[in-house]
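Input: a single structure, listed below in structure tokens.
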Amino acid sequence: MASAPKSIPQSGPLSPEADQAAALAAFGGVLTVDLDAIIANWRKLEKTAVPAECSAVIKADAYGCGAEQVSRALSKAGCKTFFVATIEEARKVRAAVPEPTIYVLGGYFQNTGEHYAKINCRPVIGDLNELAEWDVFCRRTGWNGGAAVHIDTGMNRLGLTLSEAQAIIPRINAGDHGITLVMSHLVSAEQLNSPINARQLATFRSIASEFTGVPAALANSSGIFLGAPFQFDLVRPGAALYGVNPTPEADNPMQQVVDLKARIVQIRSIERGETVGYGGTWTARRPTKLAIIAVGYADGYFRAASSNDGTRGADVIVAGKRCPVAGRISMDLIAIDITDLPPNAVRRGHMVTLLGEGITVDELAHHFGTIGYEVLTSLGRRYARVYKGGNVEEPLTKPEPASNAGQPPSPQSIEQPSALPPLPS
């Protein structure tokens, strides 16, 4: 997360709402994360998985939503276990939440033991060499912080093979083994009728039962909805916490978390037959009014959502109505066809909605030709980020500059109201 913004000059005292609006005016886009929605999603998943413990996967900066803010909010809500991908991610989360258990999915490497011990987090071990190196560190230092063992049941990515897992069963039976979790990962959990699910479940149940007294975990977000047999002692939801549909064959049971708005930098009119954007691939079929907004593929709004003369691209909400992208999305700008809006419905400086107001992460992922996970983790660092809810007060955060040289003063750090101030009409 970016460092605390600097103050901007003020001509006089402003209300919190006006102060907020003045700060946001420096940005082309505003990304709002609803921490209360994340908490509500976690509680729904927790209830679905009872009596299993519900952890939270907050790798990749909590899927782009802010690992420190999300971990604090979920910890206050009762979450006791978090999963991240790297030690560096674990370090940031530990600074935010001193008490919960943190597992690092990326595994253990030689000479990293002191890093784990220093912040009291646990490696997820998926290789016998890792296990041996971890053992050496624990014997040498006396550290007993614990570790998880990952067993591959079909993903063929990370994890001990079944024969390797069987080989360490005597170690488990001998006691004082330091293994605090045995886990695997589902291949096709989002497909309810995939035969792979049943095969993985049977394989994992068989091997996990030999890890006497060690809690077991198999289910990711979608796996939770496969039912109680998949839930074991702990479940590991990730994308569902942030509003991605874990049951794509049915309605989304999760609340939307992210709202993304972009600023109109220009409104212009073109004649029938004129083209818009790079390559001239979109042609106006009538006199057309365009709004140019200050977001592009450098901000994580993929070029794949462009439109051309034969294909409609993504929609954007402008003045409460869906309006289509016109032409190719460029690095910093997108053209929107607003011809069908009432006259004077919007003007330069107003905001449009790219996510929210009915546009979901999964809808945008469809236009991007990808999945909601990639949409969230690709959202750029040039947005102002606003956090609401979670029983915490978060300052407005600025994008991370490449250099301070020649940079204008940054927006003032302020407490956030429950929603952005209304824009002028």
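The values are calculated or read from the model by the stated rules, or taken from the named source; none is laboratory data. In this text, all values refer to a predicted model and were calculated from it rather than measured experimentally. Positions of Cβ are backbone-derived with ideal geometry, glycine not excepted, and every protein chain shown enters the neighbour counts. These area figures cover heavy atoms from the full protein model, side chains too; ligands, DNA and RNA do not enter into them. Shrake-Rupley method; radii C 1.70, N 1.55, O 1.52, S 1.80 Å.
Taking only segment 117-130 into account, find how many residues are within 26 Å of LYS80 (Cβ to Cβ) and open to solvent by 10 Å² or more (accessible area, probe 1.4 Å).
Start the filter on segment 117-130 by keeping residues that are within 26 Å of LYS80 (Cβ to Cβ), which leaves 117-126, 130.
Checking the rest, the ones that are also open to solvent by 10 Å² or more (accessible area, probe 1.4 Å) come to 117-120, 122, 126, 130.
Within segment 117-130, residues that are within 26 Å of LYS80 (Cβ to Cβ) and open to solvent by 10 Å² or more (accessible area, probe 1.4 Å) number 7.
Scan segment 34-55 and report the pairs whose first residue is in contact (Cβ under 8 Å) with a residue 40 or more places away in the chain and whose second residue is part of a helix (DSSP H, G or I) and surrounded by fewer than 21 Cβ atoms within 10 Å (Cβ to Cβ), with Cβ atoms within less than 7 Å and a gap of 6+ or a chain change.
These pairs meet every condition: ILE39/ALA77; TRP42/ALA77; CYS54/GLU46.
Take ILE329 and decide whether it is open to solvent by less than 10 Å² (accessible area, probe 1.4 Å) and in contact with a helix residue (DSSP H, G or I) (Cβ under 8 Å, 6 or more places away or on another chain). Explain how you work it out, then say what you get.
Values: open to solvent by less than 10 Å² (accessible area, probe 1.4 Å): yes; in contact with a helix residue (DSSP H, G or I) (Cβ under 8 Å, 6 or more places away or on another chain): yes.
Yes.
Could you tell me which residue of segment 75-98 is farthest from ALA239 (Cα to Cα), considering only residues that are in contact (Cβ under 8 Å) with a residue 60 or more places away in the chain and touching a strand residue (DSSP E or B) at 6+ places or on another chain (Cβ under 6 Å)?
Looking at residues that are in contact (Cβ under 8 Å) with a residue 60 or more places away in the chain and touching a strand residue (DSSP E or B) at 6+ places or on another chain (Cβ under 6 Å), I get THR81.
Would you pick out the residues in segment 315-341 that are part of a strand (DSSP E or B) and of a type in the set (Gly, Ala, Ser)? Please lay out each step first, then the result.
Of the residues in segment 315-341, the ones part of a strand (DSSP E or B) are 315-318, 321-325, 334-337.
Within segment 315-341, just ALA335 meets the criteria.
With respect to THR212, determine if the residue is open to solvent by 20 Å² or more (accessible area, probe 1.4 Å), out of contact with any helix residue (DSSP H, G or I) (no Cβ under 9 Å at 6 or more places or on another chain) and either in contact (Cβ under 8 Å) with a residue 40 or more places away in the chain or hydroxyl-bearing (Ser, Thr, Tyr) (or both).
Working: open to solvent by 20 Å² or more (accessible area, probe 1.4 Å): yes; out of contact with any helix residue (DSSP H, G or I) (no Cβ under 9 Å at 6 or more places or on another chain): no; either in contact (Cβ under 8 Å) with a residue 40 or more places away in the chain or hydroxyl-bearing (Ser, Thr, Tyr) (or both): yes.
Here the answer is no, as THR212 does not meet what is asked.
Just to be sure I understand the filter: pairs with C-beta atoms under 6 Å, separated by 6 or more residues or on different chains, first member in segment 284-309 and free of Cβ contacts under 8 Å to residues at least 60 places away in the same chain, second member open to solvent by 40 Å² or more (accessible area, probe 1.4 Å) and of a type in the set (A, V, I, L, M). Which pairs pass?
Partner pairs satisfying both residue conditions: ILE292/VAL265; ILE292/LEU333; GLY296/MET331; GLY296/LEU333; TYR297/MET331.
Mind telling me which of the residues GLY238, GLY273, GLY280 ends up being surrounded by 20 or more Cβ atoms within 10 Å (Cβ to Cβ) and of a type in the set (Gly, Ala, Ser)? Outline the logic, then answer.
Working: GLY273 fails: surrounded by 20 or more Cβ atoms within 10 Å (Cβ to Cβ); GLY280 fails: surrounded by 20 or more Cβ atoms within 10 Å (Cβ to Cβ).
Result of the check over GLY238, GLY273, GLY280: GLY238.
Output the residues belonging to segment 140-159 that are open to solvent by 70 Å² or more (accessible area, probe 1.4 Å), of a type in the set (D, E, K, R) and either within 16 Å of LEU105 (Cβ to Cβ) or in a loop (DSSP other than H, G, I, E, B) (or both).
Selection gives ARG157 alone.
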